[in-house]
Amino acid sequence: MDMNSNAEEEINALLADLWQRHLPSMRERLEALERAALDGSEQRLNETERAEAQSVAHKLSGNLGMFGHQQAGLIAGEIEQLLKSPSEETTSRLVPLVQKLRQTLNPHL
């Protein structure tokens, strides 16, 4: 039983270290989504920005889940889906979703 406990502690320590090393890129990705959401809400999101934001949301969705932030990963996945086929209605939902993502992650950033 001790071996399992030690292994789990080591894994948690490695994940915590990895999270710290990924923080700058996590913050950049979150800021990129915030810019895209704002542009989308003002109907100023061009195709290149939309594709980049969709890619960022996809990466965040996978990475956040890996680090144990399931709720944030689900929100990022929802943002990704909205960016796949944006409309005036869906882009208006981006800002509150990105704000929710930031609020969910803030204690860990």
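The values are calculated or read from the model by the stated rules, or taken from the named source; none is laboratory data. It should be emphasised that the depicted structure is a prediction, and the values quoted were computed from it without experimental measurement. Ideal geometry is used to build each Cβ from the backbone, glycine not excepted, and the neighbour counts take in all protein chains shown.
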All positions within region 38-68 that are within 17 Å of residue 28 (Cβ to Cβ), among the polar types (S, T, N, Q) and either touching a Cys at 6+ places or on another chain (Cβ under 6 Å) or in contact (Cβ under 8 Å) with a residue 40 or more places away in the chain (or both): 63
Test: residue 32 is under 12 Å from residue 97 (Cβ atoms), surrounded by 13 or more Cβ atoms within 10 Å (Cβ to Cβ) and at pLDDT 90 or above: no
Residue 25 being farther than 26 Å from residue 97 by Cα and either in contact with a Lys or Arg (Cβ under 6 Å, 6 or more places away or on another chain) or surrounded by fewer than 17 Cβ atoms within 10 Å (Cβ to Cβ) (or both): no
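Quick one: would you say residue 49 is surrounded by 15 or more Cβ atoms within 10 Å (Cβ to Cβ), under 24 Å from residue 105 (Cβ atoms) and acidic (Asp, Glu)? Give the derivation first.
On the way: surrounded by 15 or more Cβ atoms within 10 Å (Cβ to Cβ): yes; under 24 Å from residue 105 (Cβ atoms): yes; acidic (Asp, Glu): yes.
Here the answer is yes, as residue 49 does meet what is asked.
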Matching entry among 103, 71 (being of a type outside the set (Ser, Thr, Tyr) and without any contact (Cβ under 8 Å) to a residue 12 or more places away in the chain): 103
Unmet requirement for residue 32, which otherwise passes all of (1) within 11 Å of the chain's Cα centre (by Cα); (2) without any contact (Cβ under 8 Å) to a residue 24 or more places away in the chain: (2)
Scan of region 1-22 for residues that are of a type in the set (Asp, Glu) and exposed (fewer than 10 other Cβ atoms within 10 Å of the Cβ), ordered by number: 2
Residue 27 vs. criteria among the charged types (D, E, K, R), under 12 Å from the mean Cα position of the chain (by Cα) and modelled with pLDDT under 95: yes
Residue that is nearest to residue 34 (Cα to Cα), among those in region 68-106 that are surrounded by fewer than 17 Cβ atoms within 10 Å (Cβ to Cβ) and modelled with pLDDT under 90: 92
